[in-house]
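Enquirer: Questions regarding the structure given below will be posed in turn.
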Amino acid sequence: MKIAVAGGTGTVGTHVVRVARMRGHEIVVLSRATGVDLRDGNGLSIALEGVDVVVDVSSTQTMSARGSVSFFRSVTENLLATEKSVGVAHHVTLSIVGIDAAPKAYYAGKAAQEKAVSEGSVPWTILRSTQFHEFASQIYGQLKVGPFVIVPTMRSQPVAAREVAERLVDLAEGTPEGRTRDLGGPREERMADMVRGYASAIHSRVRIVELPVPGAYGRALRNGSLLTEADADRGDQTFADWLV
């Protein structure tokens, strides 16, 4: 099977590429590094020739709702239009658990992405997962101010990026399912504790300052909306295991 991976050089994308290649699939990485611009569509037609399935794990670093919507809408529309024109049979998208509860900030773009995929003409599968273990290190890097790290008050259920990638490749190998079962990590964690654990693991003597985010977005972070339901699938690797 020939699988194209949009965002194949990112946190999950590198795992998707590795897992799919280990299973014997031919892989096309869609990124600027390989001559493909997902935002304006340059290089997509050539890159998708002969591709059976597209796995979209593209991402952008923004907390702006407008910026996130602009990115995910343009990338998704470009992918779907090109897939239709060259005959791609299946579009697999990675989304985030709980975005319905707070389609704000970054999540606004993911909501727009899901809408575009579900209303598009290419048969599709959407997998929602919880945040990855790496999210703690991202917060540490982005919100470190001198000796402090500002961490939003947040309940999390971190999952291994590798396990998400394995599920995405499973779905790519199958037939389109529409919205499939959510995937989360094996246990609930508090984000402040995760960032504190990460800082300790890298021997960083910072002070973790936990602050509630205002509005509906902040409530979703705090009230468990971003955790999986009882019928969701669970990964095996805990955050503590990932830190080792």
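The values are calculated or read from the model by the stated rules, or taken from the named source; none is laboratory data. Note that the coordinates shown come from a computational prediction; the quantities given were computed from them, not determined experimentally. Neighbour counts run over all protein chains shown; Cβ positions are idealised from the backbone, glycine included. When the accessible area is computed, the model is the full protein with side chains, heavy atoms only, and any ligands, DNA or RNA have been set aside. Shrake-Rupley method; radii C 1.70, N 1.55, O 1.52, S 1.80 Å.
Enquirer: I'd like to check something: does the range 202-217 contain any residue that is of a type in the set (Gly, Ala, Ser), touching a helix residue (DSSP H, G or I) at 6+ places or on another chain (Cβ under 6 Å) and touching a residue at least 12 places away in the same chain (Cβ under 8 Å)? Before the answer, list the steps.
Expert: Filtering the range 202-217 down to residues of a type in the set (Gly, Ala, Ser) leaves 204, 215-216.
With the extra rule that they be touching a helix residue (DSSP H, G or I) at 6+ places or on another chain (Cβ under 6 Å), the set shrinks to none.
Checked against the condition, which is being of a type in the set (Gly, Ala, Ser), touching a helix residue (DSSP H, G or I) at 6+ places or on another chain (Cβ under 6 Å) and touching a residue at least 12 places away in the same chain (Cβ under 8 Å), the range 202-217 yields no hits at all.
Enquirer: Moving to a separate point now. I'm trying to understand the selection: among the residues of the range 227-244, which are open to solvent by 50 Å² or more (accessible area, probe 1.4 Å) and aliphatic (A, V, I, L, M)?
Expert: ALA230, ALA240, LEU243, VAL244
Let's see how each residue does on (1) among the acidic types (Asp, Glu); (2) farther than 14 Å from VAL57 by Cα; (3) in contact with a helix residue (DSSP H, G or I) (Cβ under 7 Å, 6 or more places away or on another chain):
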site: GLY109; (1), (2), (3): no, no, yes
site: GLY120; (1), (2), (3): no, yes, yes
site: PRO123; (1), (2), (3): no, yes, no
site: PHE132; (1), (2), (3): no, no, yes
site: GLY141; (1), (2), (3): no, yes, no
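Enquirer: Would you be able to say whether some residue in the range 164-175 is of a type outside the set (Ser, Thr, Tyr), open to solvent by 30 Å² or more (accessible area, probe 1.4 Å), at pLDDT below 95 and more than 24 Å from ALA101 (Cα to Cα)? Break it down stepwise before answering.
Expert: Narrowing the range 164-175 to residues of a type outside the set (Ser, Thr, Tyr): 164-174.
Add one more test, that the residue is open to solvent by 30 Å² or more (accessible area, probe 1.4 Å), and what stays is 166-167, 170, 173-174.
Checking the rest, the ones that are also at pLDDT below 95 come to none.
No, because not a single residue in the range 164-175 is of a type outside the set (Ser, Thr, Tyr), open to solvent by 30 Å² or more (accessible area, probe 1.4 Å), at pLDDT below 95 and more than 24 Å from ALA101 (Cα to Cα).
Enquirer: Okay, next question. In the range 52-63, how many are of a type outside the set (Asp, Glu) and in contact with a Gly (Cβ under 9 Å, 6 or more places away or on another chain)? Don't jump to the end; show me each part of the working.
Expert: Step one: of the range 52-63, the residues of a type outside the set (Asp, Glu) are 53-55, 57-63.
So of that shortlist, the ones also in contact with a Gly (Cβ under 9 Å, 6 or more places away or on another chain) come out as 55, 57-60, 62.
Qualifying residue count, the range 52-63: 6.
Enquirer: For the subset of the range 125-149 comprising residues that are open to solvent by less than 60 Å² (accessible area, probe 1.4 Å) and part of a strand (DSSP E or B), which member is farthest from LEU94 (Cα to Cα)?
Expert: VAL149
Enquirer: Name the single residue, out of those in the range 153-210 being hydroxyl-bearing (Ser, Thr, Tyr) and more than 19 Å from the chain's Cα centre (by Cα), that is nearest to GLY10 (Cα to Cα). Can you show your working first?
Expert: So the first thing to find is which residues in the range 153-210 are hydroxyl-bearing (Ser, Thr, Tyr), and the list is 153, 156, 175, 180, 198, 200, 204.
Keeping just the survivors that are more than 19 Å from the chain's Cα centre (by Cα) gives 153, 175, 198, 200, 204.
On the way: THR153: 26, THR175: 25, TYR198: 20, SER200: 25, SER204: 25 Å.
The qualifying residue nearest to GLY10 (Cα to Cα) is TYR198.
Enquirer: Being open to solvent by 20 Å² or more (accessible area, probe 1.4 Å) and in contact with a Gly (Cβ under 7 Å, 6 or more places away or on another chain) is the filter here; which residues of the range 187-226 pass it?
Expert: Correct list: PRO212, SER225.
Enquirer: Please go through the range 21-43 and give me each residue that is touching a strand residue (DSSP E or B) at 6+ places or on another chain (Cβ under 9 Å), more than 16 Å from THR93 (Cβ to Cβ) and among the aliphatic types (A, V, I, L, M), ordered by number.
Expert: Residues satisfying the conditions are ILE27, VAL28, VAL29, VAL36.
Enquirer: Is it fair to say ALA240 is free of Cβ contacts under 8 Å to residues at least 40 places away in the same chain and among the hydrophobic types (A, V, I, L, M, F, W, C)?
Expert: Considered against the rule, which asks whether it is free of Cβ contacts under 8 Å to residues at least 40 places away in the same chain and among the hydrophobic types (A, V, I, L, M, F, W, C), ALA240 comes out as no.
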